[in-house]
Amino acid sequence: MTKQHANWSPYDNNGGTCVAIAGSDYCVIAADTRMSTGYSILTRDYSKIHKLADKAVLSSSGFQADVKALQKVLKSRHLVYQHQHNKQMSCPAMAQLLSNTLYFKRFFPYYAFNVLGGLDEQGKGCVFTYDAVGSYEKVGYSAQGSGSTLIMPFLDNQLKSPSPLLLPAQDAITPLSEPEAVDLVKTVFASATERDIYTGDKLEIMILKADGIRTEVMELRKD
Amino acid sequence: MTFTIPIDNGDSVKTAEADSQRTLYPYVTGTSIVAIKYKDGVLMASDMGGSYGSTLRYKNIERMKAIGKHSLLGASGEISDFQEILRYLDELVLNDNMWDDGNSLGPKEVHNYLTRVMYNRRNKFNPLWNTLVLGGVKNGESYLGMVSMIGVSFEDNHVATGFGNHLARPILRDEWRADLSFEDGVKLLEKCMRVLLYRDRSAINKLQIAKITEEGVTVSQPYSLKTFWEFKAFNNPTAGAEGSW
């Protein structure tokens, strides 16, 4: 008799899309609020955006239980950092911590697709994009999640990312103004919602600037 | 998605005995739970059946239990795992009471605890095979949340497990309002339970409805729903398709 194997998967994809765009003195982080499983919608009102530090905001899609656990780990590590250094973690520091945390579970990964957005030590916008096991890169903009394949090419077109082969290295911070970037985000999500069944319901946008964080909400198609 | 399980207890050889220590499949299962927030708190409904595969083995299982003063837990899935969870929660509530500081665990806290328990069991590849619904009221605030067997959790104005997700949620999305009265809430839940009764093979016509308000938790006596089978199309089902053989 063949050994009976487990018929459950420890992973599930709860869907959703996350986008972040870095500007000269701001950072826009956006995600939809739909949580799905298989072909069902679990809830239309689940936030995928989480503030980790004053200048670092994480947006993650993928397996929601892993995302929640990842956030708890990062939040508690940030608290310890604050106790030890008497200051908030900078965005680049949080970026490295997130990478290390993900790789720590290299052989049973957090099924989380992350985009970290914030302001660097000079006050310029920065966006870091990750895969599930922690490889990351500082970029000017990124999209992750179920709608990323629909959104990323359009962002490449609109934000004219410079070639990574150029020397000296040019960073891809967009010259767009903050209202223009927010408008671009609303446009890409409206489009992704049309064709990606896992994206929709509502769009949550967080705009990070030196003086604080502002949140905007926009309705998306619910079908 | 297929997934091989790399269990490592420190010894390199994994014996067949190790497998018998982990949950592989559920044996006695409960079907859907449906719950909604209403004006004064939360309403939850479940039937009283415990199925053993396709056999309806148990017909008097209470799948909703009060937790502490402020919460109600409903479970679908493996009944023995639900009983285990109740034991965990007994200990949690006991320790909370022993502090004797006038503070008591609210539904948010219990939901968070359950999410952590389910997720950690999933991490050890030995899940508690349940989908849990946690509802409650504390300090005037209603709370309703759900946790799945792999630790996925969320809160919403209405939740349902199993078949309820497919059959009841659409009804609730259409007809739920924030200011439902108790009578309207019960009518709405009964509408959902009736659809489940007609269409879910493992549902039985013996249900309980539980109510949580600021005053506390009450679980109703079991009762059954009226059903209608006299549709004309049922009377002569083959009328349009009779053949020569």
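List of remarks:
- B:VAL133 falls short of the stated requirement of being of a type in the set (A, V, I, L, M), touching a residue at least 12 places away in the same chain (Cβ under 8 Å), outside any loop (DSSP other than H, G, I, E, B) and surrounded by fewer than 20 Cβ atoms within 10 Å (Cβ to Cβ).
- Entry remark, region A:147-163: residues being touching a strand residue (DSSP E or B) at 6+ places or on another chain (Cβ under 7 Å) and open to solvent by less than 40 Å² (accessible area, probe 1.4 Å) number 5 in total.
- Residue match in region B:159-169 (condition: surrounded by fewer than 21 Cβ atoms within 10 Å (Cβ to Cβ) and of a type outside the set (A, V, I, L, M, F, W, C)): yes
- Any hit, region A:24-34, residues being at negative phi, within 12 Å of another protein chain (Cβ to nearest Cβ) and crowded, with 19+ Cβ neighbours inside 10 Å: yes
- Residue tally, condition part of a loop (DSSP other than H, G, I, E, B), open to solvent by 30 Å² or more (accessible area, probe 1.4 Å) and under 27 Å from B:GLU155 (Cα atoms), over region B:26-60: 3
- Meets criteria (touching a Ser or Thr at 6+ places or on another chain (Cβ under 8 Å) and assigned to a loop (DSSP other than H, G, I, E, B)) for A:GLU121: yes
- Yes/no for B:LYS232 being at pLDDT 95 or above, open to solvent by 80 Å² or more (accessible area, probe 1.4 Å) and farther than 28 Å from B:GLY68 by Cα: no
- The listed residue being in contact with a Phe, Trp or Tyr (Cβ under 8 Å, 6 or more places away or on another chain) and of a type outside the set (D, E, K, R), out of B:ALA168, B:ALA203: B:ALA203
- Any hit, region A:55-77, residues being at negative phi, within 12 Å of another protein chain (Cβ to nearest Cβ) and not in a helix (DSSP H, G or I): yes
- Residues that are over 21 Å from B:LEU144 (Cβ atoms), open to solvent by 50 Å² or more (accessible area, probe 1.4 Å) and part of a loop (DSSP other than H, G, I, E, B), drawn from region B:183-220: B:ARG201, B:ASN205, B:LYS206
- Close Cβ contacts (under 7 Å, 6 or more residues apart or on different chains) running from residues in region A:141-168 that are assigned to a loop (DSSP other than H, G, I, E, B) to residues that are of a type outside the set (Gly, Ala, Ser) comprise A:SER146/A:THR17; A:SER146/A:ASP196; A:SER146/A:TYR198; A:SER146/A:THR199; A:GLY147/A:THR17; A:GLY147/A:ASP196; A:GLY147/A:THR199; A:PRO162/A:GLN170.
- First in region B:147-175 and facing chain A (nearest Cβ under 7 Å), second anywhere and buried (at least 20 other Cβ atoms within 10 Å of the Cβ) and among the acidic types (Asp, Glu), Cβ under 7 Å, 6 or more apart: B:ILE150/A:ASP12; B:VAL152/A:ASP12
- Residue in region A:100-120 that is among the acidic types (Asp, Glu) and either within 14 Å of another protein chain (Cβ to nearest Cβ) or surrounded by fewer than 17 Cβ atoms within 10 Å (Cβ to Cβ) (or both) present: no
- Candidate set: region A:164-183, residues that are among the β-branched types (Val, Ile, Thr) and closer than 19 Å to A:GLN122 by Cβ; chosen: the one least open to solvent (accessible area, probe 1.4 Å): A:THR174
- Members of region A:200-212 found to be open to solvent by 30 Å² or more (accessible area, probe 1.4 Å), over 19 Å from A:LEU184 (Cβ atoms) and in contact (Cβ under 8 Å) with a residue 40 or more places away in the chain, listed by number: A:ALA210
- Residue in region B:101-120 that is in a helix (DSSP H, G or I), more than 25 Å from B:ARG22 (Cα to Cα) and open to solvent by 20 Å² or more (accessible area, probe 1.4 Å) present: yes
The values are calculated or read from the model by the stated rules, or taken from the named source; none is laboratory data. This is a predicted model, so every value here is computed, not measured. Methodologically, a virtual Cβ is constructed for each residue, glycine included, from the backbone with ideal geometry; neighbour enumeration extends over all protein chains shown. Accessible surface areas use protein heavy atoms only, side chains included; no ligands, DNA or RNA. Shrake-Rupley method; radii C 1.70, N 1.55, O 1.52, S 1.80 Å.
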